[in-house]
Amino acid sequence: AGALSTASLALAGSLLPLASANAALPTAARKLSFLNLHTGEKLTTAYWARGRYVPDACRELDNLLRDHRTGEVAEMAPELFDLLHALRKRLGTDAPFQVISGYRSPRTNAKLASASGGVAKKSLHMRGMAIDIRVPGVPLDRLRRAATELKAGGVGYYPKSDFVHVDVGRVRYW
């Protein structure tokens, strides 16, 4: 009991760059700001304060990042919020992340995958570990470059669709 799984160790290892990016402020509040482009909802919240995740703020983020097609809410990986916070700091902006896609239910993902070769059948969106975003005033290629420099997970670049995918899976780029 209590042994870490290989997946947990791999995830922890992939987040080491985030730990160092956030290490300068171990107890300072970490805020994120979002605009969900499908629902029009906005949220700015401190998801981390006093050295821990803030449960109510994380639930608000889970709700904002729900599957907008079905209304299903899932628990998002807090490490994804850390990745976004580190990305925001690297970009030097307080502009909200514009959300194209957060959580996706398996049903939604299957529908999208059958309609497009660009949607993974085992997408990390279904596990609350991925988000598709853009940031007002930040060129898409700069957003992609900043995300890849973090070396903290997957980064997909979709210039024709005007978004960047980031996730807290293994480090990879497409």
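The values are calculated or read from the model by the stated rules, or taken from the named source; none is laboratory data. Values in this document were obtained by computation on a predicted structure and should not be read as measured data. Cβ: placed from backbone, ideal geometry, glycine included. Neighbour counts: every protein chain shown. Ligands, DNA and RNA are stripped out before the accessible areas are found, and what is left, the full protein with its side chains, is counted by its heavy atoms. Shrake-Rupley method; radii C 1.70, N 1.55, O 1.52, S 1.80 Å.
Consider segment 103-114 and keep the residues that are under 24 Å from Arg59 (Cβ atoms) and either touching a residue at least 40 places away in the same chain (Cβ under 8 Å) or not in a loop (DSSP other than H, G, I, E, B) (or both). The one that is most open to solvent (accessible area, probe 1.4 Å) is Arg107.
Can you confirm whether Asp67 is open to solvent by less than 30 Å² (accessible area, probe 1.4 Å) and at pLDDT 95 or above? Considered against the rule, which asks whether it is open to solvent by less than 30 Å² (accessible area, probe 1.4 Å) and at pLDDT 95 or above, Asp67 comes out as yes. Please tell me if Leu80 is surrounded by 20 or more Cβ atoms within 10 Å (Cβ to Cβ) and assigned to a helix (DSSP H, G or I). So Leu80 passes the test.
Yes or no: segment 44-53 includes at least one residue that is over 15 Å from the mean Cα position of the chain (by Cα) and of a type in the set (D, E, K, R). Yes, segment 44-53 contains at least one residue that is over 15 Å from the mean Cα position of the chain (by Cα) and of a type in the set (D, E, K, R). Looking at segment 28-46, can you tell me whether even one residue there is modelled with pLDDT under 95 and either of a type outside the set (Lys, Arg) or open to solvent by 40 Å² or more (accessible area, probe 1.4 Å) (or both)? Yes, segment 28-46 has at least one match.
Of the residues making up segment 35-69, those that are among the basic types (Lys, Arg), touching a residue at least 24 places away in the same chain (Cβ under 8 Å) and in a strand (DSSP E or B) number 1. Return the residue satisfying two criteria in turn: it lies in segment 115-174 and is touching a Leu at 6+ places or on another chain (Cβ under 8 Å), assigned to a loop (DSSP other than H, G, I, E, B) and open to solvent by 10 Å² or more (accessible area, probe 1.4 Å), and of such residues it is farthest from His38 (Cα to Cα). Once the filter is applied, the top-ranked residue is Gly169. Residues that are under 11 Å from the mean Cα position of the chain (by Cα), touching a residue at least 60 places away in the same chain (Cβ under 8 Å), surrounded by 14 or more Cβ atoms within 10 Å (Cβ to Cβ) and part of a loop (DSSP other than H, G, I, E, B) occur in segment 70-77; there is at least one.
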